[in-house]
Every structure is written in C-alpha cells, then in structure tokens.
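Input: a single structure, listed below in structure tokens.
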Amino acid sequence: MSERQKRSDIDTAKVVTRGINILAVRNRFLAQNYMRINHVPQGVIERVLDRPCARRATSAEQLISEAIVPSSSGTRRD
C-alpha cells in the first residue's frame, strides 16, 4: 500500500468517525450527507450506518482526534 493510499484511508476513517458522531448527536440524514460530501464510498456509508457491529475498531489516532469529541449542542452537564 502506498503512502498516498494510507493517508487517504486515514482521512476516510476520520470522516467516517465524524459521521458516526454526527449520527449519535444529530440524525442519520446529516451523518450520511457529511460522509457523502467527503467522498466516502456509498457501501461504507451503508455499512457503518446500518450495521454498527460491522464497524472497524477506532484507531489510536482517531481516539486523540477531535473526531471523537462531538461539539456540545449548547447544553452543559454538570
């Protein structure tokens, strides 16, 4: 696998993770639209949205990425 492919796969993984976060805090339409706009293949979008068990484990890079921390909707939990 070339360096370019690796970077592309990492970028796609980040987009998918953000899409899953959008799904958790918003809705499926927005999650699907976000991933589609960011060129995630339709088959991947369907797999991650329709079959949560089929999602890949989150990488160490994703865990420290802002992708894992969805922004709040303006409400605080104290």
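Rounded to the nearest 20, the Cβ-based charge dipole of segment 3-52 about its Cα centre (Lys and Arg +1, Asp and Glu -1) stands at 80 debye. Using a 7 Å offset from the Cα along the Cα-to-Cβ direction at both residue 58 and residue 36, what is the distance between the two label points in nm, to one decimal? Result: 2.6 nm between the two label points. Per-residue packing, averaged as other Cβ atoms within 10 Å, sorts the ranges 26-39, 44-57 into the order 26-39, 44-57, beginning with the highest. Computed 3J(HN,Hα) for segment 18-23, one whole-Hz value per residue from the Karplus formula 6.51 cos²θ - 1.76 cosθ + 1.60 where θ = phi - 60°, is 5, x, 5, 5, 4, 4, glycine and proline marked x.
Rounded to the nearest whole angstrom, the semi-axes of the ellipsoid equivalent to segment 3-52, taken from the Cα gyration tensor as √(5λ), stand at 19, 10, 9, largest first.
Given R0 = 25 Å, the distance between the Cβ atoms of residue 10 and residue 51 translates into a calculated FRET efficiency of 0.70.
Bear in mind these aren't lab numbers, they're just calculated from the coordinates by the rules spelled out. All values reported here derive from a predicted model rather than from experimental measurement. Methodologically, a virtual Cβ is constructed for each residue, glycine included, from the backbone with ideal geometry; neighbour enumeration extends over all protein chains shown.
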